[in-house]
Amino acid sequence: MTVDFQEAVRDEAALRSALADADIAPMLMVLVQLTGDLDILEEVAPHIHGAWSFLEAVPEPLKQKVRDRLVAALKAQATTGRPPPPLPPPDMLQRMMSAGVGQTVPEEYIPLLVEETRLGAEDPRRVRWQRDPATLPLRDFKVVVIGAGFAGLCTGIRLKEMGIPFEILEKNDAVGGTWLENDYPGCAVDTPNHFFSFSFNPNPGWSRHFSGRDEIRAYIESGFDKYGVRQHVRLGAEVTGAESTRPLRAGASHSAGAIAGRRPSSATPSSPRSASSTSPPFRRSRDCPASVARPSTRRAGTAAWTSGASGWRWSARARARCRPAPPSRRK
Ligand SMILES: Cc1cc2nc3c(=O)[nH]c(=O)nc-3n(C[C@H](O)[C@H](O)[C@H](O)COP(=O)(O)OP(=O)(O)OC[C@H]3O[C@@H](n4cnc5c(N)ncnc54)[C@H](O)[C@@H]3O)c2cc1C
(Lines give C-alpha, C1' and ligand atoms only; values in the text may rest on other atoms or scores of the structure.)
Protein backbone atom coordinates (compact mmCIF):
# COMPACT_ATOMS: atom_id res chain seq x y z
CA MET A 1 0.00 0.00 0.00
CA THR A 2 1.38 3.38 -0.90
CA VAL A 3 1.43 6.48 1.26
CA ASP A 4 -0.82 8.17 -1.33
CA PHE A 5 -3.42 5.48 -0.83
CA GLN A 6 -3.27 5.75 2.96
CA GLU A 7 -3.70 9.51 2.78
CA ALA A 8 -6.54 9.35 0.26
CA VAL A 9 -8.47 7.00 2.49
CA ARG A 10 -7.78 8.79 5.78
CA ASP A 11 -10.06 11.71 4.90
CA GLU A 12 -13.41 9.92 4.75
CA ALA A 13 -15.35 13.00 3.69
CA ALA A 14 -13.04 13.54 0.71
CA LEU A 15 -13.24 9.86 -0.13
CA ARG A 16 -17.03 9.87 -0.05
CA SER A 17 -17.14 13.01 -2.13
CA ALA A 18 -14.90 11.40 -4.78
CA LEU A 19 -16.96 8.22 -4.80
CA ALA A 20 -20.15 10.23 -5.22
CA ASP A 21 -18.88 11.14 -8.70
CA ALA A 22 -17.43 7.75 -9.60
CA ASP A 23 -18.99 5.36 -12.11
CA ILE A 24 -20.75 2.40 -10.55
CA ALA A 25 -19.02 -0.34 -12.60
CA PRO A 26 -15.43 0.41 -11.56
CA MET A 27 -16.54 0.96 -7.94
CA LEU A 28 -18.23 -2.41 -8.01
CA MET A 29 -15.14 -4.11 -9.47
CA VAL A 30 -12.88 -2.65 -6.79
CA LEU A 31 -15.31 -3.67 -4.06
CA VAL A 32 -15.58 -7.23 -5.36
CA GLN A 33 -11.84 -7.56 -5.81
CA LEU A 34 -11.14 -6.25 -2.31
CA THR A 35 -13.80 -8.30 -0.57
CA GLY A 36 -14.44 -11.28 -2.85
CA ASP A 37 -18.16 -10.56 -2.33
CA LEU A 38 -19.95 -12.00 -5.35
CA ASP A 39 -23.42 -11.44 -3.89
CA ILE A 40 -23.19 -7.68 -4.34
CA LEU A 41 -21.94 -8.31 -7.88
CA GLU A 42 -25.04 -10.37 -8.68
CA GLU A 43 -27.28 -7.77 -7.09
CA VAL A 44 -25.96 -4.87 -9.15
CA ALA A 45 -25.18 -6.67 -12.43
CA PRO A 46 -28.76 -6.77 -13.83
CA HIS A 47 -28.84 -2.95 -13.78
CA ILE A 48 -25.71 -2.50 -15.90
CA HIS A 49 -26.58 -2.74 -19.59
CA GLY A 50 -23.39 -1.75 -21.36
CA ALA A 51 -19.80 -0.63 -21.04
CA TRP A 52 -20.55 3.10 -20.94
CA SER A 53 -21.71 4.84 -17.80
CA PHE A 54 -24.86 6.16 -19.49
CA LEU A 55 -25.97 2.55 -20.04
CA GLU A 56 -26.46 1.77 -16.37
CA ALA A 57 -29.69 2.10 -14.43
CA VAL A 58 -28.58 1.12 -10.94
CA PRO A 59 -31.07 2.50 -8.39
CA GLU A 60 -29.55 5.16 -6.15
CA PRO A 61 -30.00 3.21 -2.87
CA LEU A 62 -28.07 0.29 -4.39
CA LYS A 63 -25.32 2.63 -5.56
CA GLN A 64 -25.11 4.04 -2.05
CA LYS A 65 -24.81 0.53 -0.67
CA VAL A 66 -21.84 -0.09 -2.96
CA ARG A 67 -20.24 3.22 -1.95
CA ASP A 68 -20.70 2.53 1.78
CA ARG A 69 -19.21 -0.93 1.50
CA LEU A 70 -16.38 0.37 -0.62
CA VAL A 71 -15.51 3.05 1.95
CA ALA A 72 -15.41 0.37 4.63
CA ALA A 73 -13.32 -1.97 2.47
CA LEU A 74 -10.84 0.74 1.51
CA LYS A 75 -10.44 1.88 5.11
CA ALA A 76 -9.91 -1.71 6.24
CA GLN A 77 -7.33 -2.16 3.51
CA ALA A 78 -5.51 1.01 4.55
CA THR A 79 -5.53 0.35 8.29
CA THR A 80 -4.38 -3.26 8.05
CA GLY A 81 -1.64 -2.34 5.58
CA ARG A 82 -2.40 -5.55 3.71
CA PRO A 83 -0.90 -5.89 0.24
CA PRO A 84 -3.37 -5.42 -2.62
CA PRO A 85 -5.49 -8.52 -3.22
CA PRO A 86 -4.16 -11.02 -5.75
CA LEU A 87 -5.55 -11.35 -9.24
CA PRO A 88 -8.94 -13.05 -8.96
CA PRO A 89 -9.19 -16.49 -10.55
CA PRO A 90 -10.30 -16.55 -14.22
CA ASP A 91 -13.90 -17.63 -13.56
CA MET A 92 -14.38 -14.82 -11.04
CA LEU A 93 -12.73 -12.32 -13.38
CA GLN A 94 -15.09 -13.40 -16.13
CA ARG A 95 -18.09 -12.80 -13.89
CA MET A 96 -16.74 -9.42 -12.82
CA MET A 97 -15.92 -8.30 -16.35
CA SER A 98 -19.28 -9.49 -17.67
CA ALA A 99 -21.08 -7.57 -14.94
CA GLY A 100 -18.99 -4.48 -15.64
CA VAL A 101 -19.87 -4.31 -19.34
CA GLY A 102 -23.41 -5.68 -19.13
CA GLN A 103 -22.83 -8.66 -21.38
CA THR A 104 -21.01 -11.97 -21.24
CA VAL A 105 -17.31 -11.54 -21.84
CA PRO A 106 -16.20 -14.77 -23.56
CA GLU A 107 -13.74 -16.89 -21.63
CA GLU A 108 -11.02 -16.54 -24.27
CA TYR A 109 -10.94 -12.75 -23.76
CA ILE A 110 -9.89 -13.01 -20.14
CA PRO A 111 -6.14 -13.57 -20.68
CA LEU A 112 -6.12 -10.75 -23.23
CA LEU A 113 -7.83 -8.35 -20.85
CA VAL A 114 -5.53 -9.32 -17.99
CA GLU A 115 -2.57 -8.61 -20.24
CA GLU A 116 -3.93 -5.36 -21.65
CA THR A 117 -4.85 -3.94 -18.28
CA ARG A 118 -1.90 -5.45 -16.45
CA LEU A 119 -4.15 -6.63 -13.68
CA GLY A 120 -1.64 -9.04 -12.26
CA ALA A 121 1.41 -8.18 -10.21
CA GLU A 122 3.78 -8.98 -13.08
CA ASP A 123 4.21 -7.16 -16.35
CA PRO A 124 2.92 -9.77 -18.81
CA ARG A 125 4.75 -8.05 -21.65
CA ARG A 126 8.13 -8.06 -20.07
CA VAL A 127 10.77 -9.73 -22.18
CA ARG A 128 11.05 -13.44 -21.57
CA TRP A 129 14.28 -14.83 -22.84
CA GLN A 130 14.23 -18.29 -24.35
CA ARG A 131 17.96 -18.60 -23.73
CA ASP A 132 20.18 -17.14 -21.03
CA PRO A 133 20.87 -13.59 -22.27
CA ALA A 134 24.35 -13.78 -20.78
CA THR A 135 25.20 -16.31 -23.50
CA LEU A 136 23.96 -14.04 -26.32
CA PRO A 137 26.07 -11.40 -28.11
CA LEU A 138 23.63 -8.63 -27.25
CA ARG A 139 26.15 -5.81 -27.37
CA ASP A 140 26.82 -6.64 -31.05
CA PHE A 141 23.19 -6.26 -31.93
CA LYS A 142 22.32 -2.67 -32.52
CA VAL A 143 18.83 -1.45 -33.18
CA VAL A 144 17.80 1.72 -34.95
CA VAL A 145 14.33 2.85 -34.00
CA ILE A 146 12.65 5.36 -36.28
CA GLY A 147 10.37 7.81 -34.54
CA ALA A 148 10.07 9.05 -30.97
CA GLY A 149 6.33 8.80 -30.44
CA PHE A 150 4.52 6.32 -28.22
CA ALA A 151 5.72 3.30 -30.19
CA GLY A 152 9.33 4.49 -30.34
CA LEU A 153 9.35 5.11 -26.60
CA CYS A 154 7.88 1.70 -25.85
CA THR A 155 10.36 0.03 -28.18
CA GLY A 156 13.21 1.88 -26.47
CA ILE A 157 12.01 0.85 -23.02
CA ARG A 158 11.88 -2.82 -24.00
CA LEU A 159 15.25 -2.72 -25.76
CA LYS A 160 16.75 -1.16 -22.67
CA GLU A 161 15.25 -3.91 -20.56
CA MET A 162 16.83 -6.43 -22.90
CA GLY A 163 20.23 -4.76 -22.74
CA ILE A 164 20.35 -4.25 -26.50
CA PRO A 165 22.05 -1.06 -27.73
CA PHE A 166 19.76 1.21 -29.71
CA GLU A 167 19.31 4.68 -31.08
CA ILE A 168 16.02 6.41 -31.85
CA LEU A 169 16.14 8.68 -34.89
CA GLU A 170 13.50 11.39 -34.81
CA LYS A 171 12.97 13.91 -37.56
CA ASN A 172 11.37 16.48 -35.26
CA ASP A 173 13.24 18.59 -32.74
CA ALA A 174 11.35 17.10 -29.83
CA VAL A 175 9.82 13.79 -28.85
CA GLY A 176 6.08 13.14 -28.71
CA GLY A 177 5.22 12.11 -32.27
CA THR A 178 1.69 12.85 -33.25
CA TRP A 179 1.06 14.52 -29.89
CA LEU A 180 3.80 17.01 -30.64
CA GLU A 181 2.63 17.71 -34.14
CA ASN A 182 -1.08 18.17 -33.43
CA ASP A 183 -1.94 21.16 -31.31
CA TYR A 184 -5.21 22.41 -32.70
CA PRO A 185 -7.77 23.65 -30.16
CA GLY A 186 -9.55 20.78 -28.46
CA CYS A 187 -7.01 18.18 -29.63
CA ALA A 188 -7.51 15.17 -27.34
CA VAL A 189 -7.83 11.41 -27.23
CA ASP A 190 -11.08 9.64 -27.90
CA THR A 191 -9.99 6.56 -25.95
CA PRO A 192 -10.29 7.01 -22.17
CA ASN A 193 -6.85 7.90 -20.90
CA HIS A 194 -6.62 5.06 -18.46
CA PHE A 195 -6.46 2.84 -21.55
CA PHE A 196 -4.47 5.29 -23.61
CA SER A 197 -1.35 4.90 -21.52
CA PHE A 198 1.23 2.20 -21.02
CA SER A 199 0.01 -0.68 -18.87
CA PHE A 200 3.39 -0.65 -17.11
CA ASN A 201 3.22 3.09 -16.44
CA PRO A 202 -0.28 4.00 -15.27
CA ASN A 203 -1.01 7.62 -14.52
CA PRO A 204 -3.49 8.09 -11.68
CA GLY A 205 -3.28 11.85 -12.22
CA TRP A 206 -5.06 12.24 -15.57
CA SER A 207 -7.09 15.39 -15.16
CA ARG A 208 -9.84 14.20 -17.50
CA HIS A 209 -11.27 10.97 -18.83
CA PHE A 210 -10.28 12.10 -22.34
CA SER A 211 -7.21 14.21 -21.76
CA GLY A 212 -5.99 16.97 -23.99
CA ARG A 213 -2.91 16.98 -26.14
CA ASP A 214 -0.69 18.88 -23.69
CA GLU A 215 -1.27 16.35 -20.95
CA ILE A 216 -0.63 13.40 -23.24
CA ARG A 217 2.48 14.99 -24.62
CA ALA A 218 3.73 15.58 -21.06
CA TYR A 219 3.05 11.91 -20.26
CA ILE A 220 5.17 10.78 -23.23
CA GLU A 221 7.91 13.29 -22.42
CA SER A 222 8.10 12.09 -18.83
CA GLY A 223 8.34 8.48 -20.05
CA PHE A 224 11.52 9.27 -21.97
CA ASP A 225 13.09 10.52 -18.72
CA LYS A 226 11.60 8.00 -16.33
CA TYR A 227 12.89 5.02 -18.33
CA GLY A 228 16.19 6.60 -19.33
CA VAL A 229 15.41 6.53 -23.03
CA ARG A 230 15.97 10.21 -23.81
CA GLN A 231 19.71 9.86 -24.08
CA HIS A 232 19.19 7.34 -26.87
CA VAL A 233 17.18 9.78 -28.99
CA ARG A 234 18.77 11.75 -31.81
CA LEU A 235 16.50 14.64 -32.67
CA GLY A 236 16.40 16.39 -36.01
CA ALA A 237 17.44 13.18 -37.80
CA GLU A 238 15.15 12.23 -40.63
CA VAL A 239 15.46 8.74 -42.06
CA THR A 240 15.33 9.05 -45.80
CA GLY A 241 15.52 5.45 -46.85
CA ALA A 242 16.47 1.95 -45.94
CA GLU A 243 18.29 -0.82 -47.69
CA SER A 244 18.20 -4.44 -46.84
CA THR A 245 21.45 -6.35 -46.81
CA ARG A 246 19.67 -9.66 -46.42
CA PRO A 247 16.50 -11.04 -47.98
CA LEU A 248 13.39 -10.76 -45.91
CA ARG A 249 12.87 -13.68 -43.60
CA ALA A 250 10.16 -15.96 -44.90
CA GLY A 251 6.81 -14.88 -43.61
CA ALA A 252 8.10 -11.64 -42.14
CA SER A 253 5.99 -8.63 -42.69
CA HIS A 254 7.17 -5.25 -43.81
CA SER A 255 3.92 -3.84 -44.99
CA ALA A 256 3.32 -1.88 -41.81
CA GLY A 257 6.56 -0.09 -42.50
CA ALA A 258 8.71 -2.21 -40.22
CA ILE A 259 12.21 -2.87 -41.36
CA ALA A 260 14.77 -4.69 -39.37
CA GLY A 261 18.03 -6.54 -39.48
CA ARG A 262 21.24 -7.38 -37.65
CA ARG A 263 24.15 -5.07 -37.64
CA PRO A 264 26.59 -5.77 -40.42
CA SER A 265 30.23 -5.93 -39.39
CA SER A 266 30.95 -2.29 -40.24
CA ALA A 267 28.90 0.85 -40.25
CA THR A 268 28.95 1.07 -44.02
CA PRO A 269 29.03 -2.54 -45.08
CA SER A 270 30.81 -3.39 -48.26
CA SER A 271 29.37 -6.86 -48.42
CA PRO A 272 28.35 -7.93 -51.90
CA ARG A 273 25.05 -9.02 -50.36
CA SER A 274 23.94 -5.45 -50.40
CA ALA A 275 20.63 -3.86 -51.09
CA SER A 276 20.91 -3.98 -54.85
CA SER A 277 21.54 -7.69 -54.95
CA THR A 278 18.79 -8.65 -52.57
CA SER A 279 16.46 -5.68 -52.86
CA PRO A 280 13.47 -6.68 -50.78
CA PRO A 281 10.41 -4.77 -51.84
CA PHE A 282 10.28 -2.25 -49.02
CA ARG A 283 7.19 -0.24 -49.45
CA ARG A 284 7.43 3.46 -49.52
CA SER A 285 5.94 4.84 -46.41
CA ARG A 286 4.04 8.08 -46.44
CA ASP A 287 6.42 9.21 -43.72
CA CYS A 288 9.56 8.16 -45.46
CA PRO A 289 9.95 8.48 -49.20
CA ALA A 290 12.38 5.73 -50.06
CA SER A 291 14.61 7.55 -52.47
CA VAL A 292 15.00 11.12 -51.34
CA ALA A 293 18.31 12.95 -51.24
CA ARG A 294 21.71 11.50 -50.80
CA PRO A 295 22.21 10.22 -47.32
CA SER A 296 24.41 12.23 -45.06
CA THR A 297 24.51 9.61 -42.34
CA ARG A 298 24.14 5.89 -42.26
CA ARG A 299 22.95 3.94 -39.34
CA ALA A 300 23.44 0.26 -39.75
CA GLY A 301 21.59 -2.20 -37.64
CA THR A 302 18.17 -3.41 -36.93
CA ALA A 303 15.64 -0.80 -37.79
CA ALA A 304 12.22 -0.67 -36.30
CA TRP A 305 9.74 1.53 -38.06
CA THR A 306 7.44 2.91 -35.47
CA SER A 307 5.69 5.66 -37.30
CA GLY A 308 1.97 5.47 -36.83
CA ALA A 309 2.10 1.73 -36.30
CA SER A 310 1.97 0.85 -32.67
CA GLY A 311 4.29 -2.07 -33.08
CA TRP A 312 7.42 -3.33 -34.74
CA ARG A 313 8.51 -6.45 -36.45
CA TRP A 314 11.75 -8.18 -37.28
CA SER A 315 12.34 -8.76 -40.92
CA ALA A 316 15.78 -8.41 -42.50
CA ARG A 317 19.24 -6.97 -42.17
CA ALA A 318 19.03 -3.35 -43.00
CA ARG A 319 20.81 -0.05 -43.21
CA ALA A 320 18.94 3.13 -42.57
CA ARG A 321 19.94 6.35 -44.28
CA CYS A 322 19.23 9.55 -42.51
CA ARG A 323 19.96 13.22 -42.81
CA PRO A 324 19.53 16.20 -40.54
CA ALA A 325 15.97 17.38 -40.74
CA PRO A 326 15.35 20.99 -41.81
CA PRO A 327 15.79 23.31 -38.81
CA SER A 328 12.21 24.56 -39.04
CA ARG A 329 10.83 21.50 -37.24
CA ARG A 330 9.01 22.52 -34.15
CA LYS A 331 9.92 21.98 -30.54
C1 LIG B 1 -5.74 14.05 -32.57
C2 LIG B 1 -5.42 12.60 -32.44
C3 LIG B 1 -6.14 11.83 -31.55
C4 LIG B 1 -5.85 10.48 -31.41
N5 LIG B 1 -6.56 9.77 -30.50
C6 LIG B 1 -6.30 8.46 -30.34
C7 LIG B 1 -7.04 7.68 -29.39
O8 LIG B 1 -7.91 8.19 -28.69
N9 LIG B 1 -6.75 6.37 -29.26
C10 LIG B 1 -5.78 5.78 -30.04
O11 LIG B 1 -5.53 4.59 -29.90
N12 LIG B 1 -5.07 6.50 -30.94
C13 LIG B 1 -5.30 7.80 -31.09
N14 LIG B 1 -4.59 8.53 -32.02
C15 LIG B 1 -3.60 7.83 -32.86
C16 LIG B 1 -2.16 8.09 -32.41
O17 LIG B 1 -1.47 8.45 -33.55
C18 LIG B 1 -1.59 6.82 -31.81
O19 LIG B 1 -2.35 6.43 -30.71
C20 LIG B 1 -0.15 6.96 -31.32
O21 LIG B 1 0.12 8.19 -30.70
C22 LIG B 1 0.79 6.71 -32.46
O23 LIG B 1 2.09 6.62 -31.94
P24 LIG B 1 3.29 6.17 -32.87
O25 LIG B 1 4.53 6.27 -32.06
O26 LIG B 1 2.96 4.87 -33.49
O27 LIG B 1 3.31 7.24 -34.07
P28 LIG B 1 3.62 8.81 -34.04
O29 LIG B 1 3.13 9.43 -32.79
O30 LIG B 1 3.12 9.32 -35.36
O31 LIG B 1 5.20 8.87 -34.01
C32 LIG B 1 5.97 8.61 -35.13
C33 LIG B 1 7.24 9.41 -35.03
O34 LIG B 1 8.09 9.04 -36.11
C35 LIG B 1 8.70 10.20 -36.61
N36 LIG B 1 9.09 9.94 -37.99
C37 LIG B 1 8.27 9.66 -39.03
N38 LIG B 1 9.00 9.48 -40.15
C39 LIG B 1 10.28 9.64 -39.81
C40 LIG B 1 11.50 9.58 -40.53
N41 LIG B 1 11.53 9.33 -41.83
N42 LIG B 1 12.67 9.81 -39.88
C43 LIG B 1 12.67 10.08 -38.55
N44 LIG B 1 11.54 10.16 -37.81
C45 LIG B 1 10.36 9.94 -38.44
C46 LIG B 1 7.64 11.26 -36.49
O47 LIG B 1 8.21 12.57 -36.50
C48 LIG B 1 7.01 10.91 -35.16
O49 LIG B 1 7.65 11.57 -34.08
C50 LIG B 1 -4.84 9.88 -32.20
C51 LIG B 1 -4.12 10.68 -33.10
C52 LIG B 1 -4.40 12.02 -33.22
C53 LIG B 1 -3.61 12.84 -34.20
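Here are a few things to note about the model shown:
- Evaluation of Gln77 against (1) assigned to a loop (DSSP other than H, G, I, E, B); (2) in contact (Cβ under 8 Å) with a residue 40 or more places away in the chain; (3) among the polar types (S, T, N, Q) (one fails), failing number: (1)
- Selection status of Asp225, modelled with pLDDT of 95 or more, assigned by TED's automatic domain parsing to the domain that holds Arg321 and under 21 Å from Val127 (Cα atoms): yes
- Every residue from the stretch 159-177 that is of a type in the set (Val, Ile, Thr) and either under 21 Å from His209 (Cα atoms) or touching a residue at least 40 places away in the same chain (Cβ under 8 Å) (or both): Ile168, Val175
- Taken over the stretch 143-177, residues that are in a loop (DSSP other than H, G, I, E, B), within 9 Å of the ligand (Cβ to nearest atom) and of a type in the set (Gly, Ala, Ser) amount to 6.
- Sub-7 Å Cβ pairs linking a first residue in the stretch 7-24 that is not assigned by TED's automatic domain parsing to the domain that holds His209 to a second residue that is assigned to a loop (DSSP other than H, G, I, E, B) and of a type outside the set (D, E, K, R), at least 6 apart or interchain, are Ile24/Val58, ordered by first then second residue.
- Condition met for Ala99 (over 23 Å from Val9 (Cβ atoms), touching a helix residue (DSSP H, G or I) at 6+ places or on another chain (Cβ under 6 Å) and in contact (Cβ under 8 Å) with a residue 60 or more places away in the chain): yes
- Screening Leu138, Leu180 for residues that are away from the ligand (no atom under 16 Å from the Cβ) and either touching a strand residue (DSSP E or B) at 6+ places or on another chain (Cβ under 8 Å) or touching a residue at least 12 places away in the same chain (Cβ under 8 Å) (or both) leaves exactly one candidate, Leu138.
- Candidates Ala57, Ala25, Ala18, Ala51, filtered to the one that is over 19 Å from Gly102 (Cβ atoms) and not basic (Lys, Arg): Ala18
- Condition check for Asp190: under 30 Å from Leu41 (Cβ atoms), assigned by TED's automatic domain parsing to the domain that holds Gly212, loosely packed, with under 14 Cβ neighbours inside 10 Å and not polar (S, T, N, Q): yes
- Selection count, the stretch 183-201, where residues are within 10 Å of the ligand (Cβ to nearest atom) and assigned to a loop (DSSP other than H, G, I, E, B): 11
- Single condition Gly176 does not satisfy, out of (1) within 14 Å of the chain's Cα centre (by Cα); (2) on the phi < 0 side of the Ramachandran plot: (2)
- Number of residues in the stretch 202-220 that are within 12 Å of the ligand (Cβ to nearest atom), at pLDDT 90 or above and not polar (S, T, N, Q) equals 7.
- Whichever residue in the stretch 225-247 is within 12 Å of the ligand (Cβ to nearest atom) and touching a helix residue (DSSP H, G or I) at 6+ places or on another chain (Cβ under 9 Å) and, among such residues, is farthest from Cys154 (Cα to Cα): Ala242
- Where Pro85 falls short, out of the listed (1) within 22 Å of Glu122 (Cβ to Cβ); (2) part of a helix (DSSP H, G or I): (2)
- Scanning the stretch 113-136 for residues that are surrounded by 10 or more Cβ atoms within 10 Å (Cβ to Cβ) and either over 24 Å from Phe200 (Cα atoms) or of a type in the set (A, V, I, L, M, F, W, C) (or both) yields Leu113, Val114, Leu119, Val127, Trp129, Leu136.
The values are calculated or read from the model by the stated rules, or taken from the named source; none is laboratory data. No experiment lies behind these values; they were computed from the predicted model shown. Please note: Cβ atoms are built from the backbone with ideal geometry, for glycine as well, and neighbour counts cover all protein chains shown.
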